Every structure is written in C-alpha cells, then in structure tokens.
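Presented below is the structure to which this report refers.
The values are calculated or read from the model by the stated rules, or taken from the named source; none is laboratory data. Worth saying up front: this structure is predicted, and the values here are computed from it rather than measured. Methodologically, a virtual Cβ is constructed for each residue, glycine included, from the backbone with ideal geometry; neighbour enumeration extends over all protein chains shown. Protein only, heavy atoms only, side chains kept; ligands, DNA and RNA dropped before computing areas. Shrake-Rupley method; radii C 1.70, N 1.55, O 1.52, S 1.80 Å.
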Amino acid sequence: MSKTINPFKQRLLDGQKLIGGWTLSGSPTVAEAMAFLNYDYLVVDLEHSPASIHDTTPILRAVEQTATAAVVRMPSHDPIAIKQVLDQGGMTLYFPFVESVEEAKAIVQASMYPPLGKRGFAKMHRAARYTTREDYPAAANEQVCLIPQLETVEALELAVEIGKVEGVSAVFIGPGDLSMTMGLPGQVNHPDVRAKIVACVTACNQAGIPVGTVMPTPDDAKWALEVGFSFVSIANDLANMLGQCKAHLAQMKNS
C-alpha cells in the first residue's frame, strides 16, 4: 500500500524552519531542476504564471521524484479548481487574498471530504494513484495542508482568527501586495511594511499558528526567520534567472 503522507505539513507541525523556492515559469523542467537542489519545498505558482490547472500534473510529477515537497499556489478560491488540484496530487495549497474568516472556512469546505467539508469524491484520480493508494480517502483530510494568504492590512489584523479556523494549517503573509495596499508598492523592506509584518508574526507565534512568506533575497529571508516566520521562499525562478543574466551582461559590457 502506498502511504499518503504530506512531508511539508509534518515538518511544519513539528516546528521546523523550512526554506523554499518558487517557480513562476510554468515549466516542469525548471521545477524539476530547482527541486533537485533540495529546497525544503517548492511553490508552484498558478496565480501569477502562465501555468494553469491543467499544467499541474506534469509539474508535480517533476518535483515528486525529488526530496523537495511541492506546494501549489492556487489561482483562486474556486471549489472546482481546488478539487482538480487536489485530485491531481496537490497536498499543500496556498490561497491568494483571503480577507475573512468566512473565506477561510469556505476554502476548508471545498478542500475536505465529508463530514469536514464538501469536496467531491472519486476513486480514479492521480492523488489516489488511480485506486492503488488505498489509504488516500481516509488520510486526505488529515494530510491536506491549507494556507490562506493574507495580503492587506485588514487581513493581517485577522491573522489569528483565520489561522484558528479548523482545517487551516498556517497562514502566509504576502509582502508584495501588502506593500501595495499600504501605498508603498514593492517596498517590502520599508519600515512601515516590516512593522506590520512583525506585529502579525508575533501575534501568530503567541497563538501557535505557523506563518510563512516569500522574500526577494537570502538576507531578507534570514530576517524573516529571525522574526518568527516558520517557512519562507527566496525569490523565484524568473527573478533569479534574470538577475544572473543581467549581472553577466553588465560584466561583459563593462569589461
């Protein structure tokens, strides 16, 4: 029997600090190459990338052959999209722009089998390894890891309430959108933005709620871990590629 275990969720609940990558390219090859670097996890972005729900399976196949855990950032809260990603084998899901406890509860309902939710049931899908993973239906509700993204000042103020919703495993602070809603677009390291972030992380830590984020540089990611984040991704594949290409090009032009 093939056991259904979510290593990301297990390590998160064990209190481990996790360092992730992020792929925006929508490319299974790029995701595979990054995953072989042994990040603790790799975020597969379906919100701000050319990838769609139908691209999820090949990307998950590429990542799952490595020690890196796959995390899928959903494009929306749509229950059909949630069901499709879960059926394809997604186990840890980020949800953009969660603004209320009610939205978090709706996400749980769409992601969990009865009696905890209303996820549609089928035996023949990839998550159950086409019926060969006999434990999947029983284990799915326990192993699925749901993480609302908080991306406005108002959402950060509700972080503890959202994080305490039954079925929610952690919350995620989106620094880019937070900075935008504060009138400081892209200034994720601005003192005012950082102050809001630290206040939210402190409140969540006191409530025993793990918090994650994404940061543009390793130094920023180290800062995030130092102030209490449990999991943090560093930049993304396109940013890293273009940054290196720009450096090479500038070096050649200036030589």
Using the Kyte-Doolittle scale, which helices in the chain average at least 0.0 and also have C-alpha atoms spread 18 Å or more along the helix axis, with helices defined as whole DSSP H runs?
191-206
Mean separation of Cα contacts under 8 Å (6+ apart) over length of the chain, as relative contact order %:
19
Nearest-20 debye value, region 124-255 charge dipole, Cβ charges on Lys, Arg, Asp, Glu:
500
Remind me, relative contact order of region 110-255 in percent, using alpha carbon pairs under 8 angstrom and six or more residues apart?
15
Report the residue, chosen from ALA203, ALA122, ALA33, that carries the largest GNM mean-square fluctuation when the chain is represented by alpha-carbon nodes joined by springs under 10 Å.
ALA122
To make sure I understand the rule: partners must be lysines, Cα under 28 Å from the Cα of LYS83, and not fewer than 8 residues away in the same chain. Which ones qualify?
LYS3, LYS9, LYS105, LYS118, LYS123, LYS164
Based on the Cα coordinates of region 96-221, what is the per residue volume of their convex hull in Å³?
123
At a Förster radius of 22 Å, what calculated FRET efficiency corresponds to the Cβ-Cβ distance of LEU225 and ALA195, to the nearest 0.05?
0.80
What stretch of the chain, leaving out the sites themselves, is the longest with no chymotrypsin sites (Phe, Trp or Tyr not before Pro) in a DSSP loop having at most 16 other Cβ atoms within 10 Å?
131-255
Inter-site label distance for GLU47 and ASP14 at 7 Å from Cα along Cβ, in nm:
2.8
Hey, can you find the accessible area per residue of region 1-132 for me, probe 1.4 Å, expressed in square angstrom?
45
Going through region 82-185, which trypsin sites (Lys or Arg not before Pro) have at most 12 other Cβ atoms within 10 Å and a DSSP loop state?
LYS123
Measuring from its Cα centre, the chain shows a charge dipole (+1 at each Lys and Arg Cβ, -1 at each Asp and Glu Cβ) which, in debye to the nearest 20, is 620
Could you give the radius of gyration (one decimal) and Dmax (whole number) of the Cα atoms in region 1-151, in Å?
14.5, 41
Per-selection metrics, region 121-178 (Cα): Rg and Dmax in Å:
15.9, 45
Using label points projected 7 Å from each Cα along Cα→Cβ, tell me how many nm separate ARG126 and LEU37, to one decimal.
2.3
Taking protein heavy atoms only, a 1.4 Å probe, and rounding to whole percent, the accessible area of region 144-255 owed to carbon and sulfur comes out at 58
Dividing the alpha-carbon radius of gyration of the chain by 2.2 N^0.38 Å, where N counts its residues, gives 1.00
Computed P(r) (all Cα pairs; region 22-110; 10 Å bins; percent):
18, 52, 25, 5
